[in-house]
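The values are calculated or read from the model by the stated rules, or taken from the named source; none is laboratory data. Computed from a predicted structure; not experimentally measured. FYI the Cβ positions are ideal-geometry reconstructions off the backbone, even for glycines, and counts take in every protein chain you see.
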Amino acid sequence: MASATKATPGKPPGAYHHGSLRQALLQAAEGILERDGIQGLTLRAAAREAGVSHAAPKNHFGDLSGLLSDLAALGFERFRAGMLARLEAAPEPARRAAAIGQGYVEFARTHPGLFQLMFRGERLDMTRPALRTALFAAFAVLSGTVGGEAAAPGERSLTVAQLADIAAAWSLVHGFSMLMLDGRLKPLLAGLPPGSDEMTLLAAVLDRGR
């Protein structure tokens, strides 16, 4: 049977172990996603980017939806970590919701392709446990900070008022992120003082909502 890997510069044949090959494919896929967009990401493109055989991605992820879903799961894990880091830097209760918003938008600004993939439900397989776990864990950070209680979407433990608070906060930061990524904020950013950027505008928006 042919090997799943092939010789590449700096990577001799057979040098990838099972886990490291999977990680290499995910890293390659993310690079393509950020460089070429989701339209440029295929199983063959990921294999070519990683320097492995065309069969390798299918062996690890099954199909393109599997690759995209596992990549999105990694994105949600980083997304959650970024929001938690912002929370740790802002222990004052009055600043916690703003900290979550800053972490949310900062992730979108730093990883635009990955962020957009994470919210492309039609391209993802939501039955995959890793994706569901990562998504719900990230959502719990937002809901627990804004609504006062960690809960996965669809749970009935939150009041209508708490759900409304979560929806309002989520709509604000997600809408801001999408306007930013689509370039729709450029006219507003042009009116900011020198040295300001999207995060400056976001801070002002979040302060108005306090």
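Consider Arg35 carefully, then state whether it is in the same structural domain as Gly121 (by TED's automatic domain parsing) and surrounded by fewer than 22 Cβ atoms within 10 Å (Cβ to Cβ).
no
I'd like to verify a number: residues in the range 43-97 that are acidic (Asp, Glu) and in contact with a Lys or Arg (Cβ under 9 Å, 6 or more places away or on another chain), how many?
Within the range 43-97, residues that are acidic (Asp, Glu) and in contact with a Lys or Arg (Cβ under 9 Å, 6 or more places away or on another chain) number 1.
List every residue pair whose Cβ atoms lie under 7 Å apart, where the two residues are 6 or more positions apart in sequence or sit on different chains, the first residue falls within the range 123-149 and is in a helix (DSSP H, G or I), and the second residue, located anywhere, is modelled with pLDDT of 95 or more and polar (S, T, N, Q).
Pairs found: Arg123/Ser65; Leu131/Ser69.
What residue, among those in the range 192-203 that are of a type in the set (A, V, I, L, M, F, W, C) and part of a helix (DSSP H, G or I), is surrounded by the most Cβ atoms within 10 Å (Cβ to Cβ)?
My answer is Leu202.
Can you pull out every residue in the range 71-96 that is closer than 26 Å to Gln116 by Cβ and either of a type in the set (Asp, Glu) or touching a Gly at 6+ places or on another chain (Cβ under 6 Å) (or both)?
Scanning the range 71-96 gives Glu77, Gly82, Met83, Arg86.
Select from the range 174-191 the residues that are exposed (fewer than 14 other Cβ atoms within 10 Å of the Cβ) and in a loop (DSSP other than H, G, I, E, B) and write down the one among them that is farthest from the chain's Cα centre (by Cα).
So, considering only residues that are exposed (fewer than 14 other Cβ atoms within 10 Å of the Cβ) and in a loop (DSSP other than H, G, I, E, B), the one farthest from the chain's Cα centre (by Cα) is Gly191.
Of the residues Gly10, Gly31, Gly37, only one is touching an Asp or Glu at 6+ places or on another chain (Cβ under 8 Å) and either closer than 28 Å to Val141 by Cβ or at pLDDT below 95 (or both); which?
Exactly one residue qualifies, and that residue is Gly31.
Given the structure, is Ser171 in a loop (DSSP other than H, G, I, E, B) and free of Cβ contacts under 8 Å to residues at least 24 places away in the same chain?
no
Have a look at Ala161, Ala169 and point out the one that is loosely packed, with under 15 Cβ neighbours inside 10 Å, among the hydrophobic types (A, V, I, L, M, F, W, C) and in the same structural domain as Leu131 (by TED's automatic domain parsing).
When all the criteria are applied, what remains is Ala161.
If you take the residues of the range 62-82 that are hydrophobic (A, V, I, L, M, F, W, C) and under 14 Å from the mean Cα position of the chain (by Cα), which of them is surrounded by the fewest Cβ atoms within 10 Å (Cβ to Cβ)?
Within the range 62-82, the match that is surrounded by the fewest Cβ atoms within 10 Å (Cβ to Cβ) is Ala81.
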